[in-house]
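J.: Quick one: the structure is below, and I'll ask about it shortly.
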């Protein structure tokens, strides 16, 4: 008789088109108490079918596969309700930005070590807990390219978001002397829909602010209003967002 999996174990689908790589991942996963292998698949189409049948919590997904590759599978999952978390497992390091744009939990390079996979799965468990605690699917973190690496930035640390053409700029640590900012390939409208409206508010077509950083609203005359931040910076409020700003202030 097989032992019952841990209550916290993630039911996991392993997807890889190389039989030896698939077998090796199964062996690694057997030694991780936080994983219960629910099944395997060797191409993208079979992966989507297995996801529909098995409803796994997590998919360990190879990136490069014939016909339907890993990015295509992950993109299809973004259109599904209650989609599993995705950890990309690949020999290629040049798809990381696209992977994190699709909200991948992690990006693990082959050859995979048990320690590296364990850290990635721990992130998947932590993200599941955050979503359950929030009662919704609001973003909890960003992965942004910076120099030669990818940085994980908690939503809690973001003070302001500004649109810059096809990108947004995340402003972090504005209350500190060493404030920082990072570019992310994303539209401000798309990002607005994924941020908790109880914590963030869009007050201009190109600006989203943390609500708790807004000290007050200031009337500049001729129907022009600005939001004053707690560091004294004034942010112009767009006319189409003025009613939202006044509603925030109970007006």
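J.: Does residue 50 qualify as being surrounded by fewer than 22 Cβ atoms within 10 Å (Cβ to Cβ), touching a strand residue (DSSP E or B) at 6+ places or on another chain (Cβ under 6 Å), assigned by TED's automatic domain parsing to the domain that holds residue 125 and farther than 24 Å from residue 114 by Cα?
T.: For residue 50, the condition - surrounded by fewer than 22 Cβ atoms within 10 Å (Cβ to Cβ), touching a strand residue (DSSP E or B) at 6+ places or on another chain (Cβ under 6 Å), assigned by TED's automatic domain parsing to the domain that holds residue 125 and farther than 24 Å from residue 114 by Cα - is met.
J.: Being farther than 22 Å from residue 23 by Cα, out of contact with any helix residue (DSSP H, G or I) (no Cβ under 8 Å at 6 or more places or on another chain) and in a helix (DSSP H, G or I) is the filter here; which residues of the stretch 54-90 pass it?
T.: 75 - this is the single residue of the stretch 54-90 that is farther than 22 Å from residue 23 by Cα, out of contact with any helix residue (DSSP H, G or I) (no Cβ under 8 Å at 6 or more places or on another chain) and in a helix (DSSP H, G or I).
J.: Checking residue 171 against (1) over 21 Å from residue 141 (Cβ atoms); (2) modelled with pLDDT of 90 or more, which test does it fail?
T.: (1)
J.: What number of residues within the stretch 18-39 satisfy the criterion of being farther than 18 Å from residue 114 by Cβ and either in a helix (DSSP H, G or I) or touching a strand residue (DSSP E or B) at 6+ places or on another chain (Cβ under 6 Å) (or both)?
T.: 3
J.: List pairs: first residue in the stretch 178-190 and farther than 12 Å from residue 165 by Cα, second residue loosely packed, with under 13 Cβ neighbours inside 10 Å anywhere in the structure, Cβ distance under 8 angstrom, at least six positions apart or on different chains.
T.: Within 8 Å, the pairs are 182/146.
J.: As an exercise: evaluate residue 166 against (1) surrounded by 12 or more Cβ atoms within 10 Å (Cβ to Cβ); (2) modelled with pLDDT under 90; (3) within 19 Å of the chain's Cα centre (by Cα) and give the number of the one condition it does not meet.
T.: (1)
J.: Within the stretch 178-196, does at least one residue satisfy the condition of being exposed (fewer than 12 other Cβ atoms within 10 Å of the Cβ), more than 29 Å from residue 97 (Cα to Cα) and over 19 Å from the mean Cα position of the chain (by Cα)?
T.: For the stretch 178-196, residues exposed (fewer than 12 other Cβ atoms within 10 Å of the Cβ), more than 29 Å from residue 97 (Cα to Cα) and over 19 Å from the mean Cα position of the chain (by Cα): absent.
The values are calculated or read from the model by the stated rules, or taken from the named source; none is laboratory data. Note that the coordinates shown come from a computational prediction; the quantities given were computed from them, not determined experimentally. Positions of Cβ are generated from backbone atoms using ideal geometry, with glycine treated the same way; all protein chains shown enter the neighbour counts.
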